[in-house]
Structures are given as C-alpha cells and as structure tokens.
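The numbers here are math on the coordinates, done by the rules we state, and not lab data. Owing to the predicted nature of the structure, the values given are computational and were not obtained by experimental measurement. A quick note on method: Cβ atoms are made from the backbone with ideal geometry, for glycine too, and the neighbour counts reach across all protein chains shown.
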Amino acid sequence: MLAVGRWRPFGEVRLDDERGAAEDAALAFDPIGNVPPGLRLTGPLARLRDDGYRGSRRARGAALSRAARRG
C-alpha cells in the first residue's frame with residue numbers, strides 16, 4: 001500500500017488529568033472497530049488483527065457495528 005496525497009491530521013491525543021483505576025480499566029483501544037472515516041485496514045495483518053480484536057471485544061462484552069467494520 002502506498003500513501004498518496006498530502007498528509008492530514010485525523011485525530012488528536014490529549015493527556016491531562018490522571019484517571020482512576022475504574023476509568024483506566026474501562027479504556028479500550030480498538031483500531032479495527034475505530035478506523036477513521038474513509039480509511040480501511042488492508043493486507044494480511046488486517047485479518048489477524050481483526051481476529052484478535054474480535055476476541056478482545058467478546059471478552060469485554062463490547063459490540064461492533066457493521067458500519068464500523070467497513071471503515
């Protein structure tokens with residue numbers, strides 16, 4: 001896959017106050033289910049990551065919509 005065009009920001013990370021243990025435990029980073037609009041994961045590793053995050057979502061009781069799966 002080759003990047004085409006100008007780079008543009010699509011997210012921002014801010015670190016501010018400390019979080020408690022409950023908030024920390026509730027955080028879930030799912031790059032398969034939270035792909036920025038217009039982007040999609042491709043290639044052989046995308047399938048492996050999808051399988052891994054599917055298991056993680058199942059263990060956490062989290063759902064993923066069809067729209068999120070399409071990216």
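So, counting K/R as plus one and D/E as minus one, what does the shell of residues with Cβ under 13 Å around Glu23 add up to?
-3
Can you tell me what the convex hull of the Cα atoms of the stretch 1-55 projects to on average, as an area in nm²?
Working: hull surface 22.7 nm².
Here the figure is 5.7 nm², rounded to one decimal.
Our estimate of slack between Ala26 and Phe10, defined as 0.36 nm per intervening residue step minus the Cα-Cα distance, is 3.4 nm.
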